[in-house]
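Here the structure is laid out as structure tokens; the discussion comes afterwards.
The values are calculated or read from the model by the stated rules, or taken from the named source; none is laboratory data. The structure displayed is predicted, hence computed values, not measured ones. Note that each Cβ is placed from the backbone with ideal geometry, even for glycine, and that neighbours are counted across all protein chains shown.
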Amino acid sequence: MANDAFLHISNIVKDFDGHRAVDNVSIDIAKGEVFALLGSSGCGKTTLLRMLAGFETPTSGTILLDGRDLAALPPYERPMNMMFQSYALFPHLSVFDNIAFGLRRDGLPKDEVRSRVEAMLKLVQLAPYAKRKPHQLSGGQQQRVALARSLAKKPQLLLLDEPLGALDKKLREETQIELANIIHDVGVTCVMVTHDQEEAMTMASRIAVMSEGRFLQVGAPADIYETPASRFVADFIGNVNLMDGTLVEDEADHVVVDCGDMQHRVGHGITGTRGMAVTVALRPEKIRLRRDALKSTAVPEAGVNRAHGTIKDLAYFGSFTVYHLQMASGRVLKISQSNVERQPGAPLTWGDSAWATWTDLSQVVLTQ
């Protein structure tokens, strides 16, 4: 067990009637860390969270919290709280009484209950709403009440199950940063489950991308996004152009990949051999789109890291525009361009001829 591991998950397996929901997962999580389990429905992330909470029993493996084996502890004795997507607030109780509920059940003195609840209300900025019922609050306010109730008992571990899933897109984006700041201020160790990549990237210090019960990659948000370890991770996190090709040049400081209708020069070496099949991953925002490729200084030499085609489609999103550039071969490149000018002169539109260019540090070469 690592010295700084507060939560130690070792070789956890969970089988349901012959189906392996969690497949030999191990991870160490440090005290105060916000760790996200990210994956699509059915990948095993919620099952793993439920095993931490004690709602499911592992088929094999161990879970240690601060050195203590949780196997024999029922959910109500575990030093943790779980916040559900539905918030599970009591509709007949006020905000104050919802937050105080668990403290009163534990038999805390009245004065301590009041001081803790008032501290939580201040933390989540809901003191003026203490006497309101849940139905008198907005979705974001209800979410903060649920968080305050989860934190009031001072859990060693906070478990979040799709914490913002019930909110609309705009409110979810606003609440992500707010929730992350509250958790950071409290300093509680947190494990969250989400299928929303933006939520994981915004809130977590580390992310585990899960598929079929396994961890495919664990790392900081920037590492997962910029240096994906496989096609699945690259495709699951954000938008990406994935291009199959052959390694035709393999040097210590660069490689060249032939993808048929384009050549990629990548400014770093890889562990591989000439002639092997690889995949080049290129994010849409790393590409520059111009009417004339000669205006670009980003291309190291003619014939590589560039593509010519016709604007097949475009979508305006306000702060950025997404273009689909169709090449002569039929391949379509997705390109995202920031709209830095409010009224650009002669913007590219449907049917226009254009060049896409990118630097040799824009791509990632994937071997799996």
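Take G345 and tell me if it is of a type in the set (G, A, S) and either without any contact (Cβ under 8 Å) to a residue 40 or more places away in the chain or assigned to a strand (DSSP E or B) (or both). Answer is yes for this residue. Can you find even one residue in the range 97-114 that is surrounded by 14 or more Cβ atoms within 10 Å (Cβ to Cβ) and under 29 Å from the mean Cα position of the chain (by Cα)? Yes, because at least one residue in the range 97-114 is surrounded by 14 or more Cβ atoms within 10 Å (Cβ to Cβ) and under 29 Å from the mean Cα position of the chain (by Cα). Does A53 fit the bill of being within 30 Å of G213 (Cα to Cα) and surrounded by fewer than 14 Cβ atoms within 10 Å (Cβ to Cβ)? Taking the combined requirement at face value, the residue does not satisfy it. Quick check, is G102 part of a helix (DSSP H, G or I), touching a residue at least 12 places away in the same chain (Cβ under 8 Å) and within 21 Å of L157 (Cβ to Cβ)? Against the criterion (part of a helix (DSSP H, G or I), touching a residue at least 12 places away in the same chain (Cβ under 8 Å) and within 21 Å of L157 (Cβ to Cβ)), G102 qualifies. Of everything in the range 15-38 that is among the small types (G, A, S) and at pLDDT 95 or above, the residue that is surrounded by the most Cβ atoms within 10 Å (Cβ to Cβ) is A36. In the range 141-156, what residues are more than 14 Å from M83 (Cβ to Cβ) and in a helix (DSSP H, G or I)? The one that is more than 14 Å from M83 (Cβ to Cβ) and in a helix (DSSP H, G or I): Q141. Among the residues examined, S150 does not qualify as out of contact with any strand residue (DSSP E or B) (no Cβ under 7 Å at 6 or more places or on another chain) and hydroxyl-bearing (S, T, Y).
For the range 50-78, the set of residues classified as under 26 Å from the mean Cα position of the chain (by Cα), farther than 13 Å from I12 by Cβ and not small (G, A, S) consists of F55, L65, D66, listed by residue number.
For the range 337-353, the criterion of a residue being among the β-branched types (V, I, T) and closer than 24 Å to T227 by Cβ is satisfied by no position. The residues on offer are A127, A152, A222, and the sole one that is in the same structural domain as L64 (by TED's automatic domain parsing), surrounded by 19 or more Cβ atoms within 10 Å (Cβ to Cβ) and aliphatic (A, V, I, L, M) is A152. Using the structure shown, decide if P75 is touching a residue at least 12 places away in the same chain (Cβ under 8 Å) and assigned by TED's automatic domain parsing to the domain that holds Q142. Spelling it out, P75 is indeed touching a residue at least 12 places away in the same chain (Cβ under 8 Å) and assigned by TED's automatic domain parsing to the domain that holds Q142. Of all the listed residues (A354, A315, A281), the sole one being over 31 Å from the mean Cα position of the chain (by Cα) and assigned by TED's automatic domain parsing to the domain that holds A252 is A354. Checked against (1) farther than 28 Å from D185 by Cα; (2) touching a strand residue (DSSP E or B) at 6+ places or on another chain (Cβ under 7 Å), S40 meets all criteria but (2).
Within the set T227, T189, the sole residue that is of a type in the set (S, T, N, Q), within 30 Å of V364 (Cα to Cα) and touching a residue at least 40 places away in the same chain (Cβ under 8 Å) turns out to be T227.
Note on the range 226-331: enclosed strands (runs of 3 or more DSSP E) holding 3 or more residues that are under 30 Å from E198 (Cβ atoms) are 241-250, 277-282, 288-290, 306-316, 320-327.
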